[in-house]
Amino acid sequence: MTAAAAPAGSARRATIGSLTRRMIVVAALWITLLLVIGGFALDRVMTSSIVRNFDNQLEYVLNAMIAASEIGPDGEVRFNRPPADQRFIEPYSGVYFQVSGGGADTFPSRSLWDRRLRVANRHNDIKVHKYNSGEFAGEPLRIVERDVILPGSEVKWRFQVAQSRDIIDDQMRELRSTLFWSFLALGIGLLVLAALQTVYGLWPLRRVRREVALIRSGGKTRISQSFPGEIRPLTEEINQLLAHSEEQAEEARRHAGNLAHALKTPLTVITNAATARAPDLSATVCREALAMRRQVDHHLARARAIGRRASAQARAKVWDSLEAVQRAVDRLYESSTVDIAGDRTAEVRVERQDLDEMLGNLIENAAKYGNGRVFVTVEPNGVMIDVLVEDDGPGIPQEERGTLFQRGARLDTTGKPGTGLGLAIVRDVAEIYGGTITLEESEDLGGLMARLSLPAG
């Protein structure tokens, strides 16, 4: 079964993975996403700006051409001043213009040489129209055009200015290359920063691991180094857990020693009586066995309570426990009457079985040693719940009440059966849960009143 469980544990550890790796991977994904989105947005903004500036220059040339145009004597378009850009007169220079109109000769720039710009009649360019064109093989163009009616003519003339896109394409490639390498360097820098931040931020946890390893090897007993505010609560809880474990271990050793010491004397008496073949051997064995049983019952009750105390969620309703004890005592002591009053909703932070044992001991003692009446009251008392168990018996002098909490102590001389450990068990179990037990005088019934105080739930 252990061999089968080992691969499952390894698989779980492999699935959980490293916290450092998780944080770096999440940071890498987030940084990559932001850089991709930011790079794309910046590319769109920058390329749009390049194209817009390019179009503005072409539009400026177009408006200058329109302003310098006039109608000649034969109805043709001519310029009253030559274009300022000399590239218009260099063949295939990459900068062109063309003026065309219905039925009239086309007026091209010399740079077009034997080529002509395509004129599309599918749209009316009253406003400036800008578009890309691939009509010249191997030379993509950016064209700006507009339809204008010049003074002295009724013909609608289309003015076109075109320039090769190689310039802006080169600018865009250079821009995108710069953006790519810049964002790549930025991304690597951010990832290195995230990795360093993760390693440095989680370094105190490695220190905690080393401290715990030293504690396990016996080199230290507590985590003693100072840690950041986020880690300090963890180290304090670990130290408190270690202290709690040491207390439980010491308590277990102490109880084991007490039990061994308590059993040693009866066993010695039995051994001596058996060796000497004493005539009262049977009576001696019964008497000492009863003493050993009392000690075993006492230590078992403490051990059960200590084991259950680890559960911080322990809750028990006092009234339910009292009713169960009342039914049991009514069957055992038919001549006694047990009355219950007080808060029916009270809860205590005690396991139900331990609460039954404490209340059972107190109520049974009251019924056994009283004169027939037992009165139980449940009272809230701040953060505690008080359970008052009163009887109408003869009571106990104040100076003798403390002796009742000693193991095996009994003030009864009537021979009624009992172990003499009832109140000692109640005191020990109550203290384990943070409660107390005191003995007082009952004002209403005149006998003894036991006040059991337990933490409220």
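The values are calculated or read from the model by the stated rules, or taken from the named source; none is laboratory data. Here the structure is a predicted model, which means the values were calculated and not measured. A quick note on method: Cβ atoms are made from the backbone with ideal geometry, for glycine too, and the neighbour counts reach across all protein chains shown.
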Open item on the list: Just checking, does region 324-338 include any residue being closer than 30 Å to residue 253 by Cβ, aliphatic (A, V, I, L, M) and modelled with pLDDT under 90?
Closed with: no
Open item on the list: One residue is enough: does region 68-75 have a residue meeting the conditions closer than 23 Å to residue 149 by Cα, in the same structural domain as residue 121 (by TED's automatic domain parsing), modelled with pLDDT of 85 or more and surrounded by 16 or more Cβ atoms within 10 Å (Cβ to Cβ)?
Closed with: yes
- [ ] Could you check residue 190 against (1) modelled with pLDDT of 80 or more; (2) within 22 Å of residue 432 (Cβ to Cβ) and say which number it fails?
- [x] (2)
Task: Subset of region 76-132 [closer than 21 Å to residue 54 by Cβ and part of a strand (DSSP E or B)] - done: 95, 96, 97, 98, 129, 130, 131, 132
Open item on the list: Being buried (at least 16 other Cβ atoms within 10 Å of the Cβ) and either over 18 Å from residue 56 (Cβ atoms) or not charged (D, E, K, R) (or both) is the filter here; which residues of region 156-172 pass it?
Closed with: 157, 158, 159, 160, 161, 162, 163, 164, 168, 171, 172
Task: When residues of region 223-232 are limited to those that are within 17 Å of residue 201 (Cα to Cα) and assigned to a loop (DSSP other than H, G, I, E, B), the one modelled with the lowest pLDDT - done: 225
Task: Every residue from region 374-420 that is under 20 Å from residue 329 (Cβ atoms) and either modelled with pLDDT under 50 or not assigned by TED's automatic domain parsing to the domain that holds residue 436 (or both) - done: 410, 412, 414, 416, 417, 418, 419, 420
- [ ] With the condition kept exactly as written, say whether any residue in region 141-150 is surrounded by fewer than 17 Cβ atoms within 10 Å (Cβ to Cβ) and either over 24 Å from residue 43 (Cα atoms) or touching a Gly at 6+ places or on another chain (Cβ under 7 Å) (or both).
- [x] yes
Task: Odd one out for residue 218 among (1) at positive phi; (2) not assigned by TED's automatic domain parsing to the domain that holds residue 33 - done: (2)
TODO: Taking only region 425-457 into account, find how many residues are assigned to a strand (DSSP E or B) and of a type in the set (Val, Ile, Thr).
DONE: 3
Open item on the list: Within region 202-221, take every residue that is surrounded by 13 or more Cβ atoms within 10 Å (Cβ to Cβ) and in contact (Cβ under 8 Å) with a residue 12 or more places away in the chain and give me the one that is farthest from residue 244 (Cα to Cα).
Closed with: 202
Task: Subset of region 328-372 that is of a type in the set (Lys, Arg) and in a loop (DSSP other than H, G, I, E, B) - its residue that is surrounded by the most Cβ atoms within 10 Å (Cβ to Cβ) - done: 349
Open item on the list: Given the options 273, 243, 249, name the one that is outside any loop (DSSP other than H, G, I, E, B), over 21 Å from residue 432 (Cα atoms) and either among the basic types (Lys, Arg) or at pLDDT 70 or above (or both).
Closed with: 273
Task: The lone exception for residue 40 - which of (1) among the hydrophobic types (A, V, I, L, M, F, W, C); (2) farther than 26 Å from residue 170 by Cβ; (3) without any contact (Cβ under 8 Å) to a residue 12 or more places away in the chain it fails - done: (2)
- [ ] Scan region 289-307 and give yes if some residue there is of a type in the set (Asp, Glu), modelled with pLDDT of 75 or more and either part of a helix (DSSP H, G or I) or surrounded by fewer than 12 Cβ atoms within 10 Å (Cβ to Cβ) (or both), otherwise no.
- [x] no
- [ ] Please enumerate the residues belonging to region 134-174 that are outside any loop (DSSP other than H, G, I, E, B) and among the acidic types (Asp, Glu).
- [x] 145, 147, 166, 169, 170, 174
Open item on the list: Against the definition (within 60 Å of the chain's Cα centre (by Cα), closer than 28 Å to residue 46 by Cβ and either surrounded by 15 or more Cβ atoms within 10 Å (Cβ to Cβ) or at pLDDT 90 or above (or both)), how does residue 133 come out, yes or no?
Closed with: yes
Task: Filtered residues of region 96-112 (kept if loosely packed, with under 15 Cβ neighbours inside 10 Å and modelled with pLDDT of 90 or more) - done: 110
TODO: Identify the residue in region 208-222 that is among the small types (Gly, Ala, Ser) and assigned to a helix (DSSP H, G or I) and, among all such residues, is nearest to residue 237 (Cα to Cα).
DONE: 213
